[in-house]
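Below is one structure; the comments refer to it alone.
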Amino acid sequence: MPAVSIASTSRSYPDGRNVVLHTADVARSDTTAKDLFTLNKGDIPIRIEVYSGTASNAGTNARLSIGSTGSASYFVAAMDLKGTTVTSGGIGQSIPSSAANLGAALAFATTVTATYAEAGTASTAGGPWQVLFWVLPG
């Protein structure tokens, strides 16, 4: 049996389908849910990445949650931002291992939000973090 892609499971897309990339920045000051962008009903979230040139230097930990209105960690729960650091070649990248709810069509328009949280000594450096969010349009 031939492989079936997500793009062809619900409709006929003989020439494939373009992926849409949504981007937004999250700063250390975004300690309450910040609206990043809105996804449409039927969109299929397929990948999330987070980039930064500088990791947080918060005392104990620094975390990023990416959710939706009403569910603060629907997509990413408490991703570590102290480990998202600059590499010798440039900018730090992380694909959250805690990413959830990918690969299924959204049942309704969804406002994606992000919240930065830290514990211990307050940070004086870090971020902003660029959130890259790929979807197959519905």
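Among THR38, THR115, what's the order by accessible area (1.4 angstrom probe), most exposed first?
THR38, THR115
Would you kindly find the accessible area of ILE66, with a 1.4 Å probe and non-protein molecules such as ligands, DNA and RNA excluded, rounding to the nearest 10 Å²?
0 Å²
Using Cα-Cα distances under 8 Å and only pairs 6 or more residues apart, what relative contact order does segment 26-88 have, in percent?
Over segment 26-88, the number comes to 29 percent.
Apply the Karplus curve 6.51 cos²θ - 1.76 cosθ + 1.60, θ = phi - 60°, to the phi angles in segment 21-36 and return the couplings in whole Hz, x for Gly and Pro.
After applying 6.51 cos²θ - 1.76 cosθ + 1.60, I find 10, 9, 9, 6, 9, 10, 9, 4, 7, 8, 8, 10, 3, 9, 5, 9 Hz.
Would you tell me the accessible area of ARG63, worked out with a 1.4 angstrom probe on the heavy atoms of the protein chains, in Å² to the nearest 10?
Using a 1.4 Å probe on the heavy atoms, I get roughly 70 Å².
Quick one: if you stick a label point 7 Å off each Cα along the C-beta vector at GLU49 and VAL19, how many nm between them?
0.8 nm
Once amide H atoms are placed 1.01 Å from N in the peptide plane, what residues at a sequence separation of 5 or more from THR113, or on another chain, have their amide H within under 5 Å of its amide H?
The list, which skips near neighbours in sequence, is LEU36, GLY67, SER68, THR69.
Working with all protein chains in place, sort GLU118, GLU49 by solvent-accessible area computed with a 1.4 Å probe, largest first.
From most exposed to least exposed: GLU118, GLU49.
The values are calculated or read from the model by the stated rules, or taken from the named source; none is laboratory data. The shown structure was predicted, so the numbers you read here are calculated from the model rather than taken from an experiment. Note that we place each Cβ from the backbone using ideal geometry, even for glycine, and neighbour counts take in every protein chain shown. When the accessible area is computed, the model is the full protein with side chains, heavy atoms only, and any ligands, DNA or RNA have been set aside. Shrake-Rupley method; radii C 1.70, N 1.55, O 1.52, S 1.80 Å.
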